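S.K.: Here's a structure for you.
What follows is calculated from the coordinates using simple rules that are stated; it is not laboratory data. No experiment lies behind these values; they were computed from the predicted model shown. All Cβ positions, glycine included, derive from the backbone under ideal geometry; neighbour counts span all protein chains shown.
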Amino acid sequence: MTASIRPRRSVLYMPGSNPRALEKARTLPADGLIFDLEDAVAPDAKSEARTLILDALAQGGYGGREILLRVNGTATAWGRDDLAAAARSGADGVLLPKVESAEQVREAEAILKNSGAPDDQAIWCMMETPMGVLRAAEIAGSSPRLGGLVMGTSDLAKDLHAAHTRMRLPMLVSLGQCLLAARAYGLAILDGVHLDLEDAEGFEESCRQGLELGFDGKTLIHPKTIDAANRIFAPSEAELAQAAKIVEAFQEARAAGAGVVVVGGKLVEQLHVDMAERTMALARQIEALGRGEV
């Protein structure tokens, strides 16, 4: 299961134990939603939260947003029941916490399959521990059901004893390793959250850094950050215009039998055409999502 070209600019965590949040999520302009049964839910509210999420998904109304359900780990008292519920929830994917091995993925996959999960329900993995990062390639290649990786930079920083700075220099090795693993196996990958909700400038810097590194989008913890993430991770008008020029010039040159294509003084090869076509396809998908067609 390789990553489709679909908008994942903004993916918002929603606490599964909060009915008002689950209702509000239907109106938010996020590309994706993570309904959370793990960190955002107290132990004595896990079962109730599971029921609330199942009821909300059954009611629908989330449009074309990609829906992931973050379950508790299978070693907990709730993990297996969470997976069984996720299998029949209608969610696009199941997000596993603190993944550290391919075996964890395959165990979850077996539970989903035995619980009747549809073939196209993806498994996503939280990459939030040193061992998980070291085994990123093993995890990314663990199952055809894998849809993507999600960075858990807060937990990772804690385990690394690292500072969670604006530029995230202590995190770059981990971010890069997970990016390499995701792209090697054709998976999507989402950047970690920015915790300081009062630091709008720092949030935008983090988004731009994530975009430059190659992430598909940003995981979020508050709706007020959606617009900035959507803007930064979307192709700009200038980028779209340049992409169109590259594709057109390349097609014209090939039709004329020319072996060299130059656009704006720069040599254009097939790889640049592939990147340009992907940029244009993403823009079309963003427009379709805005119209409720995705």
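S.K.: Straight-line reach from LYS158: which aspartates and glutamates have Cα under 14 Å away, leaving out those fewer than 8 places along the same chain?
M.R.: GLU128
S.K.: Which order results if SER206, SER236 are arranged by neighbouring Cβ count within 10 Å, fewest first?
M.R.: Details: SER206 25, SER236 12.
By the 10 Å Cβ count, ascending: SER236, SER206.
S.K.: For LEU197 and LYS224 in one chain, what is 0.36 nm times their gap in residues minus the Cα-Cα distance, to one decimal in nm?
M.R.: Values: separation 27, 0.36 × 27 = 9.72 nm, distance 0.86 nm.
Taking LEU197 through LYS224 to full extension adds about 8.9 nm, to one decimal.
S.K.: A follow-up question, please. Once R0 is set to 22 Å, what does the formula 1/(1 + (r/R0)^6) return for the Cβ-Cβ distance between ASP159 and ASP39, expressed as a FRET efficiency to the nearest 0.05? Please list the in-between numbers first.
M.R.: Working: r = 15 Å, r/R0 = 0.67.
Here the calculated transfer efficiency is 0.90.
S.K.: Another question, then. If you project the alpha carbons of the range 118-200 onto the principal axes, what extent comes out on each, in Å, largest first?
M.R.: 41, 25, 18
S.K.: So what is the calculated 222 nm ellipticity per residue for the chain, using -39500 (n - 2.57) for each DSSP H run with n of 4 or more, over all residues, to the nearest 500 deg cm²/dmol? Could the numbers behind the result be given before it?
M.R.: Working: 12 runs with 135 residues, N = 294.
Value at 222 nm, helices only: -14000 deg cm²/dmol.
S.K.: Express in % the proportion of alpha carbon pairs of the range 237-290 at distances exceeding 16 Å. Each step should come with its number before you reach the end.
M.R.: Details: 588 of 1431 pairs.
So the pairs more than 16 Å apart make up 41 percent of the total in the range 237-290.
S.K.: Next up: Compute the relative contact order of the chain as a whole-number percentage, counting only Cα pairs closer than 8 Å that sit 6 or more residues apart in sequence. Could the numbers behind the result be given before it?
M.R.: Details: 520 pairs, mean separation 54.3, N = 294.
This gives 18 percent for the chain.
S.K.: Contact order normalised by length for the range 237-290, with contacts defined as Cα pairs under 8 Å and 6 or more residues apart; what percent is it?
M.R.: Details: 36 pairs, mean separation 22.4, N = 54.
Relative CO of the range 237-290 lands at 41 percent.
S.K.: Once fully extended, how much extra length lies between MET131 and ARG208, figured as 0.36 nm per residue of separation less the alpha-carbon to alpha-carbon distance? Kindly include the intermediate steps, with their values, before the conclusion.
M.R.: Numbers: separation 77, 0.36 × 77 = 27.72 nm, distance 2.71 nm.
25.0 nm is the gain from fully extending MET131 to ARG208.
S.K.: Also, I was wondering about something else. May I ask which of LYS24/LYS98; LYS46/LYS224; LYS46/LYS218; LYS224/LYS266; LYS24/LYS46 have a Cα-Cα span longer than 30 Å here? Before the final figure, lay out the partial values.
M.R.: Numbers: LYS24/LYS98 28 Å; LYS46/LYS224 26 Å; LYS46/LYS218 26 Å; LYS224/LYS266 39 Å; LYS24/LYS46 20 Å.
Table pairs above 30 Å Cα-Cα are LYS224/LYS266.
S.K.: Continuing with this model, one more query. Bin all alpha-carbon pair distances of the chain at 10 Å intervals from 0 and give each bin's fraction as a whole percent.
M.R.: In whole percents, the pair-distance histogram is 6, 27, 34, 22, 8, 3, 0.
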